[in-house]
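> Below are the structure tokens for one structure; questions will follow.
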Amino acid sequence: MTNNQSDTIKGLVIAGTHSGVGKTMVTLGLLAAWKRRGVVVQPFKVGPDFIDPGHPAQAAGRQSHNLDSWMLSREENRRIFWRYAATAELALVEGVMGLFDGFGGSSEAGSTAQMAKWLGLPVLLVVDVRAMARSVAALVKGVATFDPDLTLAGVVCNRVSGPSHLAHLQEALTTLPGIRCFGGLPREEGIAMPERHLGLVTAADYPLDAAALGALADWVENHLNLEDLWQSLPEVSRPRQAEAAPPLLPRIRLGVARDQAFCFYYPENLAWLEYFGAELVECSPLHDHGLPPGLSGLYLGGGYPELYAAGLAANESFKEDLRRQALAGLPIYAECGGLMYLCEALQDGSDNRYAMAGVLPLHVRMLPRLKSLGYREVVLLADTLLGPAGTTVRGHEFHYSEIIGDTAALRQVYQVAPRQGGAPRLEGYSLGNVLASYLHLHFGSNPAAAKAFTHACRLYQEI
């Protein structure tokens, strides 16, 4: 198939009965198997996690994109989906948590089930069947009948102990009319992904090589009926609505920190910046001697600066160039790991201190436990790089470090509200033309933020 847009595609949501059932490995296996068969597969991930899409992108050979029903509207999720799915033959969407788990116990909001219905896609349910036999039918029946508006494509049994175990499971599932079992995946010691304190190890640090992708594809092809699964998937029609053409704006060169220490970006954030006239220029605070020439702005994303603190501290030429350009007014927007790098020092879990860029008069230290996690809504309290006071943007927060020391020298320009209520707090540290925060904001929740950032870069370029 060519990269021309198709009027219809096949689509499937991979969901689990609960977190930890193995839906990530099943998704990777399906992506690798179908790609090996010559199918053009477009991956997506439900939820705010910016690490999870990395490995599906390697398995499919196409960038994976986040879909999220709290940060983004139904229309924006569908726009993202069709923007990338329209040039594929199959869209594969990995869910988050359990199928019906979302923001609360009485609403589907934020759940994989809600996203499946928004996109009009059937669900393939992954069930962890360890120490289970006939009970699998009761579990699947409950899922299948819980929401009559949801289409269940079928079931995959994961962590099957052997052929006789699978036979019992399949016999039980035959008692459910209309529910198809597409096979059972055995436990494979070599089929696993390493994890660390922010979740899965990133694709940059643990890339899936040809052997690993081949093993995943073999695992799925040897134990699932992919032909029947493919034939069972309905064709989904692409909306006729065309995307708006980018505005005609003067181009600006925007640096984007990209290496092992800085790799947490929502792809749509970068796409929105390009839409508003940014030429993205990657740079490495770990390896480059300085910023690329001719930049009009810099985006320092999140990542793992604490794991590469020694290398970041040793790169004095990059830090010196960054400080010089920050003092000259270069617009710099930093999120989480980027905030940590802009500080004066980073203290790791062993109390080692490393000199960072020194742009902000702050220190950060790593903690042995999670400091903050969850969805956040930001209201700007002052005019900033992301827009005027009153601008609202949604995002996510997830970190194991905290700021220590006095923040009085900085303006705090974010009023941050947690998703489930509670007292708002101040965040968002502003100094000159630098804006840094622990929050990962999604520009798809308010594209005006991306437009404002590129406008600030354009003003800097002009003077």
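The values are calculated or read from the model by the stated rules, or taken from the named source; none is laboratory data. All values derive from a computational prediction rather than experimental measurement. Here Cβ is always computed from backbone atoms with ideal geometry, including for glycine, and neighbour counts include all displayed protein chains.
> Please state which of the following conditions residue 307 fails to meet, knowing it meets all the rest: (1) touching a Pro at 6+ places or on another chain (Cβ under 7 Å); (2) under 26 Å from residue 47 (Cβ atoms); (3) part of a loop (DSSP other than H, G, I, E, B).
Of (1) touching a Pro at 6+ places or on another chain (Cβ under 7 Å); (2) under 26 Å from residue 47 (Cβ atoms); (3) part of a loop (DSSP other than H, G, I, E, B), only one is false for residue 307: (1).
> Taking residue 117 as meeting all but one of (1) buried (at least 16 other Cβ atoms within 10 Å of the Cβ); (2) closer than 22 Å to residue 57 by Cα; (3) of a type in the set (D, E, K, R), write down the number of the exception.
Result: residue 117 passes all but (2).
> Which residue, of 425, 411, 376, is basic (Lys, Arg) and touching a Pro at 6+ places or on another chain (Cβ under 8 Å)?
376
> Right, something else. Out of the residues in region 68-97 that are buried (at least 20 other Cβ atoms within 10 Å of the Cβ) and of a type in the set (Gly, Ala, Ser), state the one that is nearest to residue 447 (Cα to Cα).
69
> Also, I was wondering about something else. Give the residue, chosen from 387, 337, 358, 329, that is modelled with pLDDT of 95 or more, at positive phi and surrounded by 19 or more Cβ atoms within 10 Å (Cβ to Cβ).
387
> Looking only at region 291-305, how many residues end up being out of contact with any helix residue (DSSP H, G or I) (no Cβ under 7 Å at 6 or more places or on another chain) and over 16 Å from residue 320 (Cβ atoms)?
2
> Can you tell me which residue among 332, 404 is among the β-branched types (Val, Ile, Thr) and touching a His at 6+ places or on another chain (Cβ under 7 Å)?
404
> For a quick check of your reading of the model, give me the residue pairs whose first member lies in region 422-449 and is assigned by TED's automatic domain parsing to the domain that holds residue 301 and more than 16 Å from residue 396 (Cα to Cα), whose second is at pLDDT below 95 and among the hydroxyl-bearing types (Ser, Thr, Tyr), with beta-carbon atoms closer than 9 Å and at least 6 apart or on different chains.
What qualifies is 429/407.
> Just to be sure I understand, how many residues within region 443-463 are β-branched (Val, Ile, Thr) and either closer than 21 Å to residue 265 by Cβ or crowded, with 20+ Cβ neighbours inside 10 Å (or both)?
1
> Residues to consider are 386, 312; find the one that is in contact with a helix residue (DSSP H, G or I) (Cβ under 7 Å, 6 or more places away or on another chain), more than 15 Å from residue 440 (Cβ to Cβ), assigned by TED's automatic domain parsing to the domain that holds residue 270 and of a type outside the set (D, E, K, R).
Just a single option satisfies the conditions, and that option is 312.
> Could you tell me which residue of region 274-288 is surrounded by the fewest Cβ atoms within 10 Å (Cβ to Cβ), considering only residues that are out of contact with any strand residue (DSSP E or B) (no Cβ under 7 Å at 6 or more places or on another chain) and farther than 16 Å from residue 263 by Cβ?
Among those residues, the one meeting the criterion is 275.
To keep it simple, each residue is scored yes or no on (1) within 14 Å of residue 17 (Cβ to Cβ); (2) free of Cβ contacts under 8 Å to residues at least 12 places away in the same chain; (3) assigned to a loop (DSSP other than H, G, I, E, B).
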residue	(1), (2), (3)
108	no, no, yes
114	no, no, no
124	yes, no, no
130	yes, no, yes
140	yes, no, no
155	yes, no, no
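> Also, quick follow-up: Listed residues 397, 402, 377; which is of a type outside the set (Val, Ile, Thr), in contact with a Lys or Arg (Cβ under 6 Å, 6 or more places away or on another chain) and surrounded by fewer than 16 Cβ atoms within 10 Å (Cβ to Cβ)?
So the residue among 397, 402, 377 that is of a type outside the set (Val, Ile, Thr), in contact with a Lys or Arg (Cβ under 6 Å, 6 or more places away or on another chain) and surrounded by fewer than 16 Cβ atoms within 10 Å (Cβ to Cβ) is 402.
> Identify all residues within region 289-306 that are buried (at least 17 other Cβ atoms within 10 Å of the Cβ) and not hydrophobic (A, V, I, L, M, F, W, C); write none if there are none.
296, 297, 299, 301, 302, 303, 304, 305, 306, listed by residue number.
> Can you tell me how many residues within region 157-184 are more than 21 Å from residue 219 (Cα to Cα) and either in a strand (DSSP E or B) or among the aliphatic types (A, V, I, L, M) (or both)?
Here the count works out to 4.
> Could you run through region 362-374 and say how many residues are in contact (Cβ under 8 Å) with a residue 60 or more places away in the chain and buried (at least 19 other Cβ atoms within 10 Å of the Cβ)?
Counting residues in region 362-374 that are in contact (Cβ under 8 Å) with a residue 60 or more places away in the chain and buried (at least 19 other Cβ atoms within 10 Å of the Cβ) gives 2.
> If you scan region 229-246, which residues turn out to be over 16 Å from residue 86 (Cβ atoms) and either surrounded by fewer than 14 Cβ atoms within 10 Å (Cβ to Cβ) or not aromatic (Phe, Trp, Tyr) (or both)?
229, 231, 232, 233, 234, 245, 246
Conditions (1) under 28 Å from residue 357 (Cα atoms); (2) within 26 Å of the chain's Cα centre (by Cα); (3) not aromatic (Phe, Trp, Tyr), marked per residue:
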| position | (1), (2), (3) |
| --- | --- |
| 209 | no, yes, yes |
| 213 | no, yes, yes |
| 237 | no, yes, yes |
| 240 | no, no, yes |
| 267 | yes, yes, yes |
| 270 | yes, yes, yes |
| 273 | yes, yes, yes |
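> Kindly evaluate residue 421 against the criterion of being closer than 30 Å to residue 251 by Cβ, among the small types (Gly, Ala, Ser) and surrounded by fewer than 16 Cβ atoms within 10 Å (Cβ to Cβ).
no
Table: residues versus (1) at pLDDT below 95; (2) of a type outside the set (Val, Ile, Thr); (3) surrounded by fewer than 20 Cβ atoms within 10 Å (Cβ to Cβ).
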residue	(1), (2), (3)
1	yes, yes, yes
10	no, yes, no
14	no, no, no
31	no, yes, no
37	no, yes, yes
41	no, no, no
44	no, yes, no
50	yes, yes, no
54	yes, yes, no
